[in-house]
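Trainee: Dumping the structure here so I can ask a few things about it.
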Amino acid sequence: MADYDKLKEWMESRRDDLSKRLSSIKKDVTRRTSADWSEQAQERENDEVIDALGNEAEAELNLINKALDRMSNDDFGCCNSCGNEIASARLIAMPYAEFCIKCAEKRDAGH
């Protein structure tokens, strides 16, 4: 059995870091653009990268929040597909895992 308190602490810390990152990204995206056309082109490229980073951070933040909700509801560590316990090693590697390795592999094979 994984040490859920340590996993919860890590996820809360990661959630705070991601929230700060998203806030910074939002500030960056709302800045004024340059009057220079070539600089604007570079800024747009940078905005695409920043937007991708923001999307990744939001996706991870969503997974973490779901995992923390499962902890609050005593559902944490149970596979959302088959209901079996998710292996401790998997939860340590990926604390917000929603599926046991068997079900995750089935889902990945289906896509």
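Trainee: Given the criterion among the hydroxyl-bearing types (Ser, Thr, Tyr) and in contact (Cβ under 8 Å) with a residue 24 or more places away in the chain, identify the matching residue among 72, 88.
Mentor: 88
Trainee: Please go through the stretch 67-80 and pick out each residue that is surrounded by 14 or more Cβ atoms within 10 Å (Cβ to Cβ) and either among the small types (Gly, Ala, Ser) or in a helix (DSSP H, G or I) (or both).
Mentor: If the condition is that a residue be surrounded by 14 or more Cβ atoms within 10 Å (Cβ to Cβ) and either among the small types (Gly, Ala, Ser) or in a helix (DSSP H, G or I) (or both), then 67, 68, 70, 71, 77 are the ones that fit.
Trainee: State all residues of the stretch 1-44 that are in contact with an Asp or Glu (Cβ under 8 Å, 6 or more places away or on another chain), aliphatic (A, V, I, L, M) and at pLDDT 90 or above; if no residue qualifies, say none.
Mentor: 18
The values are calculated or read from the model by the stated rules, or taken from the named source; none is laboratory data. Bear in mind the structure is a predicted one, so any value in this text is a computation, not a measurement. Ideal geometry is used to build each Cβ from the backbone, glycine not excepted, and the neighbour counts take in all protein chains shown.
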